[in-house]
Amino acid sequence: MSVNEVAAEGFGKGANVYEKARPSYPLEIFEFIRKELPLSSSLFYDNDAPKESSGLVVDLAAGTGKMTRMLYSNAKFKNIVAVEPVLEMREVCKKVMDELIAKDHFGCRIEVLEGMADKIPLESNSVGVLFVAQAFHWFATTSALKEIARVLKPNGFLFLVWNSMDPTQPGFKEFLQLINVEYYDGVAPQYRTEKWKEAFEQLKLEGPVFSALSHKGFQHTEKTNKELSVDRGFSISYISALPADRKQELLKKLKDIFDNHPAFKDKQDKEEFDVPYNTDVFWCQKL
């Protein structure tokens, strides 16, 4: 498996915009994971568990480390590996993680490695928990799931996480119509089609590998402004990969929304406002 061409080009060109404009994830996710799921206490650094860890925690297709930093700072996992195939994204991720560890390391480790979903650079049965945030739809294949199962320990957890902007909000509805429909290339895989679930069904035909997927939804808001909202649109891979004339055309339309829509027109360019997100978390365990 090679990196999807749209993803490689779009995320390569837009790594810095991605880091600046993409939302975080709700803190409630990590509270839920720690309190409600049977994870070993030795995975975490904020307790008196034995120093011997029950496995690594992996952020696969980590991008610029939006999830990685929360696995450290909020979930408080102590041995984290971020795996990312796109060089530009990986460089941003490493810079952010190095600064985070230098500031407050708790004796923990965060490593950033080059790798792909079907070629994870880790030993078999070495991972206690593996996260894929905002990315699994790009490589939803049985080969990727088999590779994830290879590195997971028995009973290890796989988490799939996606943020989606709430499409019911005035102004953002028009924004999403442009981004998701009018300027969608018709090729790039998308989470909302749920085609990614087919990989689990296909793998199931070959024999039991993972437990059935469970799901929990969360809601949260992010602070943004007109400039960041435009950047949010251009952080999407197939938008970032558009030719220059199409980008300029889209830029004008996005600016028109944020300058003239009743929800935004009275706001100053740098004035913050809330953007609502829905966050879906799916999980299963290796059998």
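Side notes on the structure shown:
- Sorted peptide list for 281-287, 38-44, 232-238, 200-206, criterion being average Cβ within 10 angstrom, highest first: 232-238, 281-287, 38-44, 200-206
- Interchain or long-range residues, amide H under 5 Å from residue 75's placed H: none
- With all protein chains modelled, accessible area of residue 86 [1.4 Å, Å²]: 10 Å²
- The accessible area of residue 246, taken with all protein chains in place and a 1.4 Å probe, comes to roughly 80 Å².
- Hull shadow area, averaged, the chain [alpha-carbon convex hull, nm²]: 14.8 nm²
- Relative contact order for region 135-287: 47 percent, from Cα pairs under 8 Å spaced at least 6 residues apart, divided by residue count.
- Solvent-accessible area, 1.4 Å probe, carbon plus sulfur percent, for the chain: 50 percent
- Aspartates and glutamates whose Cα lies under 18 Å from that of residue 223, excluding same-chain neighbours fewer than 8 positions away: 19, 28, 166, 231, 259, 266, 269, 271, 272, 274
- Near residue 44: Cβ cut-off under 9 Å, other residues only, Lys/Arg at +1 and Asp/Glu at -1. The net charge is +2.
- Of the residues 231, 274, the one with the largest accessible area comes first in the ranking 274, 231, computed with a 1.4 Å probe on protein heavy atoms.
- Compactness of region 70-110 as Cα Rg over 2.2 N^0.38 Å, two decimals: 1.15
- Flagged links, alpha-carbon separation over 30 Å, of 119/195; 35/146; 119/252; 195/270: 119/252; 195/270
- 14 Å beta-carbon shell around residue 164, net charge (K/R +1, D/E -1): 0
- Mean separation of Cα contacts under 8 Å, 6 or more apart, over the residue count of the chain: relative contact order %: 24 percent
- Exposure check, 1.4 Å probe, all protein chains in place: residue 227 carries approximately 80 Å² of accessible surface.
- Region 42-187: antiparallel DSSP beta bridges as a percent of all, rounded to 5: 10 percent
- Charge tally in the Cβ shell below 11 Å around residue 123, where Lys, Arg are +1 and Asp, Glu are -1, residue 123 excluded: +2
- Contact order relative to length of region 20-138, as percent, for alpha carbon pairs under 8 angstrom and 6 or more apart: 29 percent
- In Å, descending, principal axis extents of the Cα set of region 129-287: 56, 32, 22
- If the Kirkwood radius is taken over C-alpha pairs of region 129-174, then at 20 °C and 1.002 mPa s the Stokes-Einstein diffusion coefficient equals 169 µm²/s.
- Hull shadow area, averaged, region 176-228 [alpha-carbon convex hull, nm²]: 6.2 nm²
The values are calculated or read from the model by the stated rules, or taken from the named source; none is laboratory data. Worth saying up front: this structure is predicted, and the values here are computed from it rather than measured. FYI the Cβ positions are ideal-geometry reconstructions off the backbone, even for glycines, and counts take in every protein chain you see. Quick note on the areas: whole protein, heavy atoms, side chains included, nothing else; ligands and nucleic acids left out. Shrake-Rupley method; radii C 1.70, N 1.55, O 1.52, S 1.80 Å.
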